[in-house]
Every structure is written in structure tokens, then in C-alpha cells.
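Worksheet for the structure shown next.
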Amino acid sequence: MSLPAADLARVLRSQDDPAHAGKEVHVQNLTIGAHILASDASGIIDGIVAADRAGLNTAWLTSGGPAPDPLAVFAAAAGETEQIGFGTSIIPTFPRHPLAVVQGAVVVDQLAPGRLKLGVGPSHKPAVESTYRFEFTRPLQHLREYLTILNAILKEGSVEFHGERLHCEAQLQAPTQVQVMASALRPNAYRLCGELADGAISWVSPLAHQQRVAIPAMEEGARAAGRQRPSLVSHTPVVVSEDADAVWEAAQAQLGFYPRLPYYSAMWQDAGFPEAEDGTFSRAMSDSLVIQGSEEAVAERIRALPSFGVDEMLAGILRLEGDRAAADRTIELLGALARES
């Protein structure tokens, strides 16, 4: 899923068209961000700048393998943007010591104070072990220690931590305004986010599952820590299109591999889709996940996200074969909703 710079540029031009004047949409208590993807760092920065001009609240980047480092990209984009927030979803924890992540996060925070949402997470056993040859063991323990270190040094300015998995002693010149977030799919991860993170970031998870599982687990973790439930950032595939078959084909191509990953398979089974046990991505799963339909129908479903407990929409725009205008329509709607929120 992506938000290509070229698509955003076309939308920005189209917003000057009188045909779009007077169009009003309203959404409350919802931050709207989008996953931005391009073939190189320059293209990603162009996409972030265009998203900023369109009025989106957050530009989200994934991280992994040899792809451009998101913190470096955000540092470069900071001086070219005005208001947009920057989110990592996610930086894998196993390949980088938390202090190495802090180095990049501090740069972004100094260049764009208060605009960074630092999302981290253990990723998945197949990816970590095949790419890095690290042993993927006790991921939540690793994440707990990682979050403890990040919270201390980024929010308090110093850390002295010696855990079972990680060790860190360091001091900054001053605390930062970075928000520390983490990925989550199942109850224990959401509980940990409720306890230690500023937000939990879902990915390819149906809204009903987030409402039934994520929110109670986050609230439980927050109560144990004596604080309010943090934000839920919901990765939500979306496209303005009434061609249901084309949307299904796009969802299969762009999302269909997730149930073949063990953690996602378990999450989908927990959500009531037993077909995920053998790696199947069914049309029913797609329908539970993807927001699609007319502009009015999509807008209405986005407006309803807070009723599921969602605080931020991390939009993943589906690319439809033979209908590039669908992405344009979707981006335009997201920008309008973000500006009115």
C-alpha cells in the first residue's frame, strides 16, 4: 500500500478546480495520516511535502531491510514541511540498539520539535531470522526493555538500565518531545502498549477485532500503570471505488500474504476467520478490513472510526489496476477530512 508522490501532486492541482469548491466534510476526534511510499528517498520526501500541503496530519513510513531509513528521510523533510507529523511504523527492535534509534530521533525532534511519533516493534520471526540471522526469542520481553530505555532517555533526558536483554547508560542535553509508540497485533502486545507506550500501532487488523481485543487490553495495561489509555493508531486500507471486484483483486495482491505470517495468522483466527490457519486471505477478511465504496460511504466509515476506539487512522491506499484516479479520489477525501478534524 502506498501514497505515491505523483498521485498527491495530481490531487493538489485538482483542489484548485472550481468543481471542488464548497465541498464540506466533517470528522471529529480523529487524526488522519497515511503510509507514504516511493522508489527512493527523494520521491518519499516529495510525497511527504505533498501530504503536508494536502493537510494530512501524519506521514508514516515503514522500515526494514535496505529501504531508506525513515528517520533520515524525516530529518530531510523537516525543513520542507510546515505542520505534518512524522511516524515510523515500525522500526524493528532486534537489528538496532535503542540508543542507535535515539540518535536519529533526536535529530528529527530538534529539526521538527514535537512532530515525531517513534513507532518500534519486534517485527516477525521469519523476517528477523532470514534477514539478520538473529534469534527471535521472547519478543515482548525485548520490546518491554526497549520501550523502557526509549521512554527514559527521550522523555527524561537520561537512562541507566540493565535488563535481561538490553543495557544502556546515556544522557541527552535535554529531554525531547518524541512520542514513543509500539506495534501490536494481539492482547499481550496491546497490554504492553497500554502500560508503557504513547500509542499502539495496529497493522492489517479488522476494526471489530481492535474494538474487542485492543481497547480492553490497552485499558488493562494503562490501569496497571496508573495512567490513561494511550492512543490507538489503526492501519486502515482504504480506497474510494465502487468496483468491489477490483478492490478485492487489489486487496489480494497487496494484503493477501499477511495471513501466511504466523502472528498475523493467529490474529486473524482470533478475529473469527479460521481460514487464516492455512494462510488463506478470504474475501470476507478483505471486507472486514478495507474501507471502500463511494466518497460518501468512505467518508462515513472514516467518521465512524472513533466509535471503535481509534484515535488515528494510518491510511493505506489500495492501488487499483487500471484506475489510478481511485487513489487521487481517496487522497483528496483524506486531506479534506484531516483539514476538517
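A few remarks follow.
- Selected residue (criterion: farthest from Lys117 (Cα to Cα)) from residues of the stretch 153-164 that are open to solvent by 20 Å² or more (accessible area, probe 1.4 Å) and within 26 Å of the chain's Cα centre (by Cα): Glu156
- Meets criteria (of a type in the set (A, V, I, L, M, F, W, C), touching a residue at least 24 places away in the same chain (Cβ under 8 Å), open to solvent by less than 50 Å² (accessible area, probe 1.4 Å) and not in a helix (DSSP H, G or I)) for Val247: no
- When the residues of the stretch 44-70 are filtered to those that are aliphatic (A, V, I, L, M) and crowded, with 23+ Cβ neighbours inside 10 Å, the one that is farthest from Met181 (Cα to Cα) is Ala50.
- Pairs with Cβ under 8 Å, 6+ apart, first in the stretch 323-341 and under 18 Å from Val247 (Cα atoms), second of a type in the set (Asp, Glu): Asp323/Asp243; Arg324/Asp7; Ala327/Asp7; Asp328/Asp7; Arg329/Glu295; Ile331/Asp7; Leu333/Glu295
- Of all residue pairs spaced 6 or more apart or on separate chains, those with beta-carbon atoms under 7 Å, a first member in the stretch 169-197 that is without any contact (Cβ under 8 Å) to a residue 24 or more places away in the chain and a second member that is surrounded by fewer than 18 Cβ atoms within 10 Å (Cβ to Cβ) and in a loop (DSSP other than H, G, I, E, B) are Gln171/Gly157; Ala174/Gly157; Pro175/Gly157.
- Tabulated pairs, the stretch 278-302, first in a helix (DSSP H, G or I), second of a type in the set (Val, Ile, Thr) and at pLDDT 95 or above, C-beta under 7 angstrom, 6+ apart or interchain: Leu289/Val204; Glu295/Val240; Val298/Val238; Val298/Val240; Val298/Ile291; Arg301/Ile291; Ile302/Ile291
- Top-ranked residue of the stretch 85-109 - restricted to ones that are in a loop (DSSP other than H, G, I, E, B) and surrounded by fewer than 20 Cβ atoms within 10 Å (Cβ to Cβ), ranked as modelled with the highest pLDDT: His97
Let's see how each residue does on (1) modelled with pLDDT of 95 or more; (2) among the charged types (D, E, K, R); (3) touching a Cys at 6+ places or on another chain (Cβ under 9 Å):
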residue: Pro262; (1), (2), (3): no, no, no
residue: Leu289; (1), (2), (3): yes, no, no
residue: Gly293; (1), (2), (3): yes, no, no
residue: Arg301; (1), (2), (3): yes, yes, no
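- Hey, Thr81 β-branched (Val, Ile, Thr), open to solvent by 10 Å² or more (accessible area, probe 1.4 Å), closer than 24 Å to Thr31 by Cβ and touching a residue at least 24 places away in the same chain (Cβ under 8 Å) or not: yes
- Candidates Arg53, Arg13, filtered to the one that is among the basic types (Lys, Arg) and modelled with pLDDT under 90: Arg13
- The stretch 135-175, residues that are within 9 Å of Pro98 (Cβ to Cβ) and charged (D, E, K, R): Glu145
The values are calculated or read from the model by the stated rules, or taken from the named source; none is laboratory data. Note that the coordinates shown come from a computational prediction; the quantities given were computed from them, not determined experimentally. Note that we place each Cβ from the backbone using ideal geometry, even for glycine, and neighbour counts take in every protein chain shown. Just the protein is used for accessible areas: all its heavy atoms, side chains included, with ligands, DNA and RNA removed. Shrake-Rupley method; radii C 1.70, N 1.55, O 1.52, S 1.80 Å.
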